[in-house]
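Here it is, the structure in full.
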Amino acid sequence: MSVRTPRLPRPSRARRAFGAAAVTAVAALAAALLPTGQAGAAGTTLRSLAEARGIYFGTAITQGDLGNPALTAVAGSQFGMLTPGNEMKWDTTEPSQGSFNFAPADRIVSFAQGNAMKLRGHTLVWHSQLPSWVSGLPPVQVKAAMENHITNEVAHYKGKLYSWDVVNEPFNEDGSFRADAFYNAMGNGFVADALRTAHAADPTAKLYLNDYNIEGQNPKSDAMYNLVKSLKSQGVPLDGVGFQAHFILGQVPSTFKANLQRFTALGVNVAITELDDRIQLPASTTSLTQQANDYATVINTCLAVTGCVGITQWGVGDADSWIPGTFPGYGAATLYDADYRPKPAYASSVTALGGSTGPSPTPGTSCKVTSTVNAWNTGLTEDITVTNTGSTTLNGWSLAFTLPVGQTVTNSWNASLIPATGQVAAQSTSYNSTLAPGASTSFGFQATHTGNTSPPALFSLNGAPCTTA
Ligand code: XIL
């Protein structure tokens, strides 16, 4: 079961598609620019590391997230693939029959394009977030309504999306088909019909079936396996299977890898499409450590399976996740805490992808940062004061932070800044390198911007996260 299948043209193509040499070179350059002792810390992103390994690392955001500068700074720099969390679902895109609304999803598509991220379309045919006019149709009208919906939505985004989740969650836990409006009207033939309709509207988008609780081998994943096998044997256009991967702490199935491999052996790609790992609250050091293990397991599994094209986390930080609202008592399910500080699972993910988060913080280091920004139409200056609130004298310091999307540093004073965008590290100079307990030091920079004049976020001093005033 765990034997590699050598006869797959599709997986190797996809692996190459995400393994661009240019990306590797940029990552290597960023690492080379980092000061000694900080190798791989600032400047390392999930995105660049994943792409260097031939896969993507993505996230999901919703319309409301676009107004959160800390969130968009992390999303636009750390992730290379984007899924709209809700905006491409039927209740948003065709709330009443024949009247389409793509404006919310278009805003997310623009954000992705502005950050050179690829996009996963989610989702065309699903029993949930389905307007009642569809479920209320006489069965004889459902096929035409489904085909019209798919044709219009896929055509609207033609050429812009990497992939589509064409059918979402078709199965019950026992492997029987879910008796939703589509199955009731068309039987299981709705799946092939949906895939063919989507392919006709955008022949270049990769077409996926997506479901949850199919990560391990069980009756539900058996049903998905049999469906994929049957569709492929009929020549139905199907490129991949999405494994949502809404995991519970410590419960990544032991059959995960073998299960992914039996799917790729059918000639489809596989992707982790909605990864999170929920913890019973409050999270503890022990649970966060287990979560770090779980994330590393998922990443290592995808890396070990030829034809696993990438991993998408569902939401950016713990505050954005759907988990607390859907599973009361659970949360802390993502790589970032509610203030977008990387959690232990972030560090383990970076390590699994072959990167390094640098040395652990100097013991006794803690810090406070204040910043002021003065902006005009295309530029801004930023003054930053960092205070050593810890108990250790720092002989040489590096303040890492995330610049908002669209800001590019043009010059700086009292510190050197590298790189000029994204995850930046400000290095002390010869005359301000000593920072005693209680002491403060100030530096600044000038930057261009494209409209977002928010201050930087996520400060850490020599690896220790800072509070901001
Ligand atoms: C969730 C969204 O995150 C929530 O905001 C929304 O209220 C419900 O849907 N499986 C899926 C996703 O395929 O579309 C779901 O997203 C989570 C479960």
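If a helix is a whole DSSP H run, which ones in the chain reach 20 Å or further along their own axis (Cα) and hold a mean Kyte-Doolittle hydropathy of at least -0.5? Please report the intermediate quantities before stating the final value.
Numbers: long enough: 142-156 (21 Å, -0.32); 219-233 (21 Å, -0.57); 285-304 (28 Å, 0.05).
Going by DSSP H runs, the hits are 142-156, 285-304.
Roll a 1.4 Å probe over the protein chains and send me the accessible area per residue for the chain in Å².
38 Å²
Further question: What ³J(HN,Hα) values, in whole Hz, does the Karplus curve 6.51 cos²θ - 1.76 cosθ + 1.60 give for the range 133-140 when θ = phi - 60°, with x put for Gly and Pro?
Running phi through 6.51 cos²θ - 1.76 cosθ + 1.60 with θ = phi - 60° gives 5, 6, 5, x, 5, x, x, 5 Hz.
Loop by DSSP (not H, G, I, E, B), at most 12 other beta-carbon atoms within 10 Å: where is the longest site-free stretch of the chain for chymotrypsin sites (Phe, Trp or Tyr not before Pro)?
Value returned for the longest uninterrupted segment is 1-375.
Please identify every one of the GluC sites (Glu not before Pro) in the range 93-183 that sits in a loop by DSSP and has no more than 16 other beta carbons within 10 Å of its own beta carbon. Can you show the working numbers first?
Values: sites: GLU147, GLU153, GLU173; in loops: GLU173.
Sites meeting the loop and neighbour criteria: GLU173.
For ASN432 and SER110, calculate 0.36 nm times their separation in residues minus their Cα-Cα distance, and state this gained length in nm to one decimal.
111.8 nm
Could you give the length gained by full extension between PHE327 and ASN377, i.e. 0.36 nm per residue of separation minus their alpha carbon distance, to one decimal place?
The span from PHE327 to ASN377 would gain 13.5 nm if fully extended.
Highest mean first, what order results for 350-356, 275-281 on Cβ atoms within 10 Å?
Averaged packing, sorted descending, gives the order 275-281, 350-356.
Quote to one decimal, in nm, the extra length available between ASN152 and ASP339 on full extension: 0.36 nm per residue of separation minus the C-alpha distance between them.
On the way: separation 187, 0.36 × 187 = 67.32 nm, distance 3.86 nm.
Residue separation times 0.36 nm, minus the Cα-Cα distance, leaves 63.5 nm.
So for the pair ASN395, ALA103, with labels modelled 7 Å out along Cα→Cβ, what separation do we get in nm?
6.1 nm
When the helices in the chain are scored as -39500 (n - 2.57) per DSSP H run of 4 or longer and the sum is shared across all residues, what 222 nm value do you end up with, to the nearest 500 deg cm²/dmol?
Counting only the DSSP helices, I get -9500 deg cm²/dmol.
Right, something else. Once you put a point 7 Å from the Cα of TRP133 and another 7 Å from the Cα of ASN414, both along the Cβ direction, what distance in nm separates them?
With each label placed 7 Å out from Cα toward Cβ, I get 6.0 nm.
Cα centroids of the range 133-157 and the range 61-98: how far apart, whole angstrom?
23 Å
Roughly how far apart, in whole Å, are the Cα centres of the range 416-446 and the range 304-365?
27 Å
Distance between the C-alpha centers of the range 391-411 and the range 237-294? Whole Å please.
What the calculation gives is 34 Å, centre to centre.
The values are calculated or read from the model by the stated rules, or taken from the named source; none is laboratory data. Here the structure is a predicted model, which is why all the values come from computation and not from measurement. Here the Cβ is made from the backbone with ideal geometry for all residues, glycine too, and neighbour counts use every protein chain on show. Quick note on the areas: whole protein, heavy atoms, side chains included, nothing else; ligands and nucleic acids left out. Shrake-Rupley method; radii C 1.70, N 1.55, O 1.52, S 1.80 Å.
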